Structures are given as C-alpha cells and as structure tokens.
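The values are calculated or read from the model by the stated rules, or taken from the named source; none is laboratory data. Worth saying up front: this structure is predicted, and the values here are computed from it rather than measured. Because the Cβ atoms are built from the backbone with ideal geometry, glycine has one as well, and the counts that use them run over all protein chains shown.
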Amino acid sequence: MEINFSGDIDLVATYAAVLSTLIAIWEFIKWKNRNAIKFTCSPNMLFIPSTDDKKYVIAKVINQGSTPTTVTHYLMYYWPSYFHRIFRKNRQKFIVNCTTVPALVNPGEEWMGQAHQDEKIEKMASEGILYMGIIHSMGKKEILRRVKIDKTH
C-alpha cells in the first residue's frame, strides 16, 4: 500500500468534509437539547388574596427542549442526615397529591405544582435533608431539588 500526498487540495472534497462536520455537530446539539427540563422549587410561598395563611412549596417546570414531555409524578424524598443520603439508607418517599399531574408540557411551556408546607415538611427540611422532585416521560431518572426552608418568614 502506498500513500502519496502531492500537496494539491481538492476544494470540493474539503468543502464536503467541512460541511459534513458542521452538520454532525448541529445534529449532536439538537439531540442533546431535545430534552432540556428546568426544574425549580420555591418554599414559603403564599397565595394572594387568601383567607388563610397557608404556605406552599411551589414546583416549576420549564420545557426548554425541542420535544414535549409529560410530568407524571410530583414527589418528595427525605433522608435523616447526609450520611443516609450518601449511602442511600432510610430514604422516605412521598407522592405529592397534585391535581395537575399528569401534565403535558410542550416546548417553551411551563407547569407549576404545589405542596402544602405544613409543620411536618418544615421539620423534615430543618432536621434532615428534603428534596422535591418530578418524574417526566422523557427522562430515565427523576429531577430533584433541595428544599431549604427559611424559618424567619
């Protein structure tokens, strides 16, 4: 086998190689962003106007991807300490009873859920480690966010 490089550059072949590389990069970016879910949790939220002073933990999902997804579960995980969290021991799982689940979230749309922030949730957040999360149809794992409740409010 003999390889010979004469120094002549074929412009058509170079153009095709650069173009195909750029198309491959663009397809990878599209594939990577097809499922971009932003999830946030906000504790100590009040409804205004309201006759009661109940606080809520509000979950917000924004579909920043290019494909629709369905929020199938709104949940909480609780561990008594970091040791238990790290070694996956004594985890308590809760499904939040939210009437808006399941919910289809198209690209660019938002979904919001709420959980009543009672004394039990405040105690779990202050004495242990409390996470709120969602499970959605395009993900293999749940998306979790730590809930830290400020007692000064």
(request) Go through the residues of the stretch 64-85 one by one and say whether even a single one is touching a helix residue (DSSP H, G or I) at 6+ places or on another chain (Cβ under 7 Å) and surrounded by fewer than 15 Cβ atoms within 10 Å (Cβ to Cβ). (result) yes
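A quick yes/no check of all residues on (1) closer than 17 Å to I143 by Cα; (2) exposed (fewer than 10 other Cβ atoms within 10 Å of the Cβ); (3) modelled with pLDDT of 95 or more:
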| position | (1), (2), (3) |
| --- | --- |
| L11 | no, yes, no |
| I23 | no, no, yes |
| W26 | no, no, no |
| A36 | yes, no, no |
| N44 | no, no, no |
(request) Evaluate the following for K55: is it modelled with pLDDT under 90 and charged (D, E, K, R)? (result) no
(request) Just give me the residues in the stretch 55-108 being assigned to a strand (DSSP E or B), β-branched (V, I, T) and under 13 Å from G133 (Cβ atoms), in sequence order. (result) V57, V61, V71, T72, I95
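Suppose we filter K140, K148 for residues that are among the basic types (K, R) and either more than 14 Å from V57 (Cα to Cα) or assigned to a strand (DSSP E or B) (or both); which single one remains? Don't jump to the end; show me each part of the working.
Working: K148 fails: either more than 14 Å from V57 (Cα to Cα) or assigned to a strand (DSSP E or B) (or both).
On inspection, the qualifying residue turns out to be K140.
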